[in-house]
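Here the structure comes first, spelled out in structure tokens, and everything after it is commentary.
The values are calculated or read from the model by the stated rules, or taken from the named source; none is laboratory data. Being a predicted model, the structure only gives us computed values, none of them experimental. All Cβ positions, glycine included, derive from the backbone under ideal geometry; neighbour counts span all protein chains shown. When the accessible area is computed, the model is the full protein with side chains, heavy atoms only, and any ligands, DNA or RNA have been set aside. Shrake-Rupley method; radii C 1.70, N 1.55, O 1.52, S 1.80 Å.
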Protein chains: 2
Amino acid sequence: MTTLSTAGQVLRCFSARRQELTVTEVAELLSLPKSNVSRLLRAMREAGFLEGIPDSRGYRPGILMFELGHSYRRDSALVARAHAAVGRVSRQFGHSGYVSIRDGADVIGLTFHEGSRMLRVGTPVGQRLPAFAAASGRSLLARLPDEEVRRLHPAPLAPPSGTAPQDMAELLARLEAVRREGFAIATDESNPGVGSIAVAVAGRQPGEDACLCLVYPLSLVDATERERMIAALLAEAREIHARPGAAVPERAGLRSAAA
Amino acid sequence: MTTLSTAGQVLRCFSARRQELTVTEVAELLSLPKSNVSRLLRAMREAGFLEGIPDSRGYRPGILMFELGHSYRRDSALVARAHAAVGRVSRQFGHSGYVSIRDGADVIGLTFHEGSRMLRVGTPVGQRLPAFAAASGRSLLARLPDEEVRRLHPAPLAPPSGTAPQDMAELLARLEAVRREGFAIATDESNPGVGSIAVAVAGRQPGEDACLCLVYPLSLVDATERERMIAALLAEAREIHARPGAAVPERAGLRSAAA
DNA sequence: ATGGGCGGTTCCGAAAAATGGAACAACGGT
DNA sequence: ACCGTTGTTCCATTTTTCGGAACCGCCCAT
């Protein structure tokens, strides 16, 4: 394994849960000799990938990562339109909404609209979730052929809860339903008490799709409102597909400047 | 130069302006042979640092960077308190405000409160700016001894406008004023039409400070309001210093979860 | 105070990867 | 079809990495 790819592996060890790591932790997570990890982490610190935590042996991602992360835009025209669309639906119902994309077998939140109700679902921006156990993820997986979905899940599924698909057969059945109906829905799957509805929009490349997703506290939403939310999301997605090139008043997390 | 540090250099070539780069561009920016860069960029793509742009030769930062960037927290208790404090001042005056930190001779925005007025300054989150030519930057530089400030600026200053410090002597004079008065102020420096006021708060380590910064359209603010904003920021900073350990209702860009 | 235990670093020869110049291939424009 | 541009591959040389083991230093329990 080359240094660069090992460095990538190291960075993947960090997450919202694991905000800092020590030499030993990394060595165990990656099954590497400590001597290697010791040198590697120092080299990564010197290159700016990591920074040392003051008064501690731990390392955390460096500010370079923070910078790069905040100028990340993927197919920005599509994401911008999706973000605007989700914003309209979010405002209409008062629930949080977001745009996410798929990366392998995971989904990652790209942008977020906070809901206006007191009880609201928080931001998934930058968070990685198994795609199969999320409405957003299934809306995106459904755009792939079954064979590809199988390829992305070599190991048996590890469902985070009883309402998530329990095995590949159930996943494929639910993806088939998504293809038929045009939306995906999840209840109490990856996050307890949270429901979500998602509709995918096609990117310029296959596998480059994005999805509009509405998330809501289950306690606040009945079947009627759910139907209305589904209809609203589907309408927005149809609009995006109908006018693929439509200009959008460049927003979606526009970063301007300050001093 | 080792692969890892070259990779770091490559990533530093990206910015809000330069969202994508090709082999030739990187080779020229870093004065490296194309053969090297070609292999390096591919290796970085395979390791997840970069991704290739569809239908293009260009590369851009990978989604891994996006993820890491969004879980970046530096001395999170301090930043959280600073963010909350800036939020109060921002709401009070209707102008945008943010928290930023110093990295070498630059400042980088960490969190942001959007102003409530129609004309408002946009987010600097993840943006890097020369510290000497920004209120936020000078508020942080002022906490260093002159000698250290000199060391951070080996080359002559490159002032982005006439109101920024034009040379080291002027910079040091203005830093001295910041130390005396407790705040820094900038007018039309790095961003035309924008004024800003900043007050630093001390971190646990020297050089680990953060700053509260209010930014406003110059056309909207007169001397009286400026004084009131300065007073409000100073009061918030005093409060933070007075009770260093005070618990804060963990917010400041808290990321929760969704599906 | 003393001795472990634990986390981290350093050392070393063997093995693998990076380097950079030049030749080569792919592409876009005309 | 041609040219200029851009990116990739090749190769011998130089540099770095690898991983086991020995080593250091800190904290804690006795």
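Brief remarks on what is shown
- Each Lys and Arg Cβ is given +1 and each Asp and Glu Cβ -1; about its Cα centre, the protein assembly as shown then shows a dipole of about 20 debye.
- Protection proxy ranking for A:82-91, A:47-56, A:217-226, using the average of other Cβ atoms within 10 Å per residue and placing the highest first: A:82-91, A:47-56, A:217-226.
- Dipole of the range A:72-242, positive direction: furthest Cα of A:Tyr72, A:Gly137, A:Ile185, with charges on the beta-carbon: A:Tyr72
- Chain A and chain B together bury an accessible surface of about 5500 square angstrom, both sides counted, with a 1.4 Å probe and no ligands or nucleic acids included.
- Nearest-ten-degree value, helix A:223-242 long axis tilted from longest Cα axis of chain A: 80
- Percent accessible area from carbon and sulfur atoms, the range B:3-69, protein chains only, probe 1.4 Å: 43
- Size-normalised alpha-carbon gyration radius of the protein assembly as shown, reference 2.2 N^0.38 Å: 1.00
- Take the Cα radius of gyration of the range A:3-69 and divide it by 2.2 N^0.38 Å, N being the number of residues; the result is 1.00.
- Neighbourhood net charge (12 Å Cβ-Cβ; Lys/Arg +1, Asp/Glu -1) for B:His95: +3
- Exam field: B:Gly52 pseudo-label spacings to other copies (7 Å along Cα-Cβ), nanometres: 3.9
- Cα centroid separation, the range B:200-217 to the range A:34-72: 22 Å.
- Chain B: calculated mean residue ellipticity at 222 nm from DSSP helix runs of at least 4, using -39500 (n - 2.57): -12500 deg cm²/dmol
- Global geometry of the range A:31-145, whether rounded, prolate or oblate, following the gyration tensor of its Cα atoms and the 1.5 cut on a/c: prolate
- For A:Arg45 and A:Met168, the FRET efficiency from 1/(1 + (r/R0)^6), where r spans their Cβ atoms and R0 equals 30 Å, is about 0.10.
- Solvent-accessible surface of the range B:72-242, taken per residue with a 1.4 Å probe and all protein chains present: 41 Å².
- Here B:Met118 yields copy-to-copy label distances, from shortest upward, of 3.4 nm, the label point defined as 7 Å from Cα along Cα to C-beta.
- Helix axis angle, A:168-181 relative to chain A longest principal axis, alpha carbon, degrees: 40
- Anisotropy class of chain B from Cα gyration tensor, a/c 1.5 cut: prolate
- Contact residues in the range A:6-46 (at least 40 Å² less accessible area with all protein chains than alone, 1.4 Å probe): A:Leu11, A:Arg12, A:Gln19.
- Residue mean of other protein chain beta carbons inside 10 Å, A:187-197: 2
- Minimum Cβ-to-axis distance in chain B for the rotation onto chain A, with residue, whole Å: B:Gly69, 1
- Normalised by the number of residues in chain B, the average gap of Cα pairs under 8 Å and 6 or more apart makes the relative contact order 17 percent.
- Three-way shape label, the range A:154-239, alpha-carbon gyration tensor, a/c 1.5: oblate
- Between helix A:34-47 and chain A: long-axis angle, C-alpha atoms, 0 to 90°, nearest 10: 70
- Copies compared at A:Gly207 - label distances in nm, ascending, label defined 7 Å from Cα in the Cβ direction: 4.3
- Taking B:Phe132, B:Phe112, B:Phe66 as the candidate residues, the one with maximal mean-square fluctuation in a Gaussian network model of chain B, Cα springs under 10 Å, is B:Phe66.
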